[in-house]
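Novice: Below is the structure I would like to discuss, written out as C-alpha cells.
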Amino acid sequence: MKQVQFEKPGRPGDVAICVDVPDPVISSADQVLVRVDAFPINPADLLLFRGVYPRNPANGDALGNEATGIVEAVGANVRSVAPGDRVISLRTNNWRERLSLKETELIKLAPEIGMETAAILKVNPATALLMLKSFTDLSPGDWVIQNAANSAVGRAVIEIAGRQGIRTLNVVRRENLADDLRALGGDHVIVESDDLAERVAAITGQSGLKLGIDAVGGAATGRLAQALGPAAMLVVYGAMSGQAMQADAGQFVFKDLRLRGFWLTKFLAEAPRQTVISLYETLSDLALDGAFKPEISGRFNVSNIQAALNHAEETMGRGKTLVTFD
Ligand SMILES: NC(=O)c1ccc[n+]([C@@H]2O[C@H](COP(=O)([O-])OP(=O)(O)OC[C@H]3O[C@@H](n4cnc5c(N)ncnc54)[C@H](OP(=O)(O)O)[C@@H]3O)[C@@H](O)[C@H]2O)c1
C-alpha cells in the first residue's frame, strides 16, 4: 500500500515522499481495517513537515491529521462498524492507504455525507463547534467576533453560529470575501484595520461581544481584545501570522477579559468516548443539513503528494487540497 512520509524537516513539497509499504493486518479482536480514499491537507500538517511540531518517530511523526475511508474488515469483537461503512479516523498518522484502527479510534458516518465532506469533518468543524460551546454561554442574538473568518474553521463557525441564531462579526484581510461569507450566513464581514473596535461598536451598539476567536496572533489578537465586551472570553486556536500575540494589558485588567487556548488534539485525547460520539453526531446532522461543504482548491493522487503539498501552501485560505488514493 502507499504511505506518505518524510525523513527530515523542510519545505513540505521537497521532503515528502510516497512509498510502498506492506498492508497492515487485523491483529486483535477490537481492530478495524479501513481503506482510506481521501485526506485533506491542513495548515498543521504543513507545519509538521517544517519541524514546528516535535518529531516522534514512534508514531510515524503523527503525519496526517485527517482521513476518511471505507471499512474493509473488522475483528471478532467489533460491534459498531461493519465492512462497507464510511468512517473517519480520530487518531493522527493517517496518510496511508490502509489504516488498522481500534474501534474507539474511528467514527462511523452516514453514507449521504459523502467522501469530500467526510474528509474534512474531523478537524475544522469540530474545532468551530467546540470553541462556540465550551468557553462561554451563548444565546440566540449574542455576538461573536473571529478573525481569519475565511479559513475553513472560520467558515464552520459562521455556519454553526448562524444555525443557532448567534450573530457573527467576521474579520478578513480581503474585501472581496464579503459576499461569500455573508452568503454562508455571516452577519457582518469587516476588513482588518486598526479601528476595528470602533467599527464593531458601530454595529453592535451596547450589546457587548461575549466571545472572540483568534487564529492570527500578533497585533490582530489585541484588536480582537479591544473589540470585546466586559468579561468576554478570547479563545486562541492558531497563529497564522507567525507572530506572538500582542495585546494591551488594560483591555484584560479593566474589562476583566479571559484568555483561553484550544487544541482539538488534546480534546480528542482526553474526552470520554461518549462525548466524542455526541460531538460527531451533532456535526453529522449539520453536514446532512448542508453545512461544511468543502471548498476544494485542488485534487491530487497520493503518488503526486509533493505537488499536492506545494498547491496547499500556495493556496492556503482559498480552499482545501484533497488527496485521494484512487
Ligand atoms: N487549535 C486547533 O485545534 C486547531 C484546529 C484546526 C485548525 N487550527 C488552526 O487554525 C488555523 C486555520 O486553519 P484552517 O484549516 O481553517 O486554515 P485555512 O482554511 O487554510 O485558512 C487559512 C486562513 O489563514 C489566514 N491567514 C494566512 N496567513 C495569514 C496572516 N499572515 N495573517 C492573517 N491571516 C492569515 C487566511 O487568510 P486569507 O484568506 O486572507 O489568505 C485564511 O483565512 C490554522 O492556524 C490551523 O493550524 C487549529
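Rule-based calculations on the coordinates, nothing more; no lab input. Predicted model only: the values in this text are computed from it and were never measured. Heads up, the Cβs are rebuilt from the backbone with ideal geometry, glycines too, and the neighbour counts pull from every protein chain shown.
Novice: With a bin width of 5 angstrom, please list the P(r) values of segment 136-261 as percents of all Cα-Cα pairs, from the 0 bin to the one holding the largest distance.
Specialist: With 5 Å bins starting at 0, P(r) equals 2, 12, 24, 26, 22, 10, 3, 0.
Novice: Give me the percent relative contact order of segment 136-261, please, defined on Cα pairs under 8 angstrom at least 6 residues apart.
Specialist: Numbers: 259 pairs, mean separation 28.8, N = 126.
After rounding, I find 23 percent.
Novice: Return the percentage of antiparallel bridges among DSSP beta bridges fully within the chain, rounded to the nearest 5 %. Mind showing how you got there, number by number?
Specialist: Working: 28 of 53 bridges.
About 55 percent, rounded to the nearest 5.
Novice: Ranking Leu130, Leu99 by Cβ neighbours within 10 Å, fewest first, what do you get?
Specialist: Details: Leu130 18, Leu99 25.
The fewest-first ordering by Cβ neighbours comes to Leu130, Leu99.
Novice: Quick one: what are the phi-derived ³J(HN,Hα) couplings along segment 253-264, Karplus 6.51/-1.76/1.60 with θ = phi - 60°, whole Hz, x for glycine and proline?
Specialist: 5, 7, 9, 6, 6, 10, 10, 9, x, 9, 9, 4
Novice: Working from the pairwise distances between different alpha carbons, so that the mean of 1/r is found and then inverted, what is the chain's Kirkwood radius in Å?
Specialist: Details: mean 1/r = 0.0486 Å⁻¹.
After inverting the mean inverse Cα-Cα distance, the result is 20.6 Å.
Novice: When the helix-only estimate is applied to the chain (DSSP H runs of n ≥ 4, each -39,500 (n - 2.57), divided by the residue count), what is the mean residue ellipticity at 222 nm, nearest 500 deg cm²/dmol?
Specialist: Mean residue ellipticity at 222 nm (helix-derived): -9000 deg cm²/dmol.
Novice: Report the Cα centroid-to-centroid distance between segment 294-317 and segment 64-109 in angstrom, as an integer.
Specialist: If you average the Cα positions of each part, the centres end up 23 Å apart.
Novice: Once you have a ≥ b ≥ c as the square roots of the Cα gyration tensor eigenvalues for segment 1-135, tell me rounded if a/c is under 1.5, and otherwise prolate or oblate according to whether a/b is larger than b/c. All intermediate terms of the calculation are to be shown ahead of the outcome.
Specialist: Working: a/c = 1.86, a/b = 1.21, b/c = 1.53.
In terms of gyration-tensor shape, oblate.
Novice: Which whole-number percent is the relative contact order of segment 1-91 (Cα, under 8 Å, 6+ apart)?
Specialist: Details: 149 pairs, mean separation 26.5, N = 91.
That works out to 29 percent.
Novice: Another question, if that's okay. Going by C-beta contacts inside 10 Å, put Lys8, Lys122, Lys210, Lys102 in order with the fewest on the left. Numbers along the way, then the final one.
Specialist: Details: Lys8 9, Lys122 26, Lys210 21, Lys102 14.
With the sparsest Cβ surroundings first, the list reads Lys8, Lys102, Lys210, Lys122.
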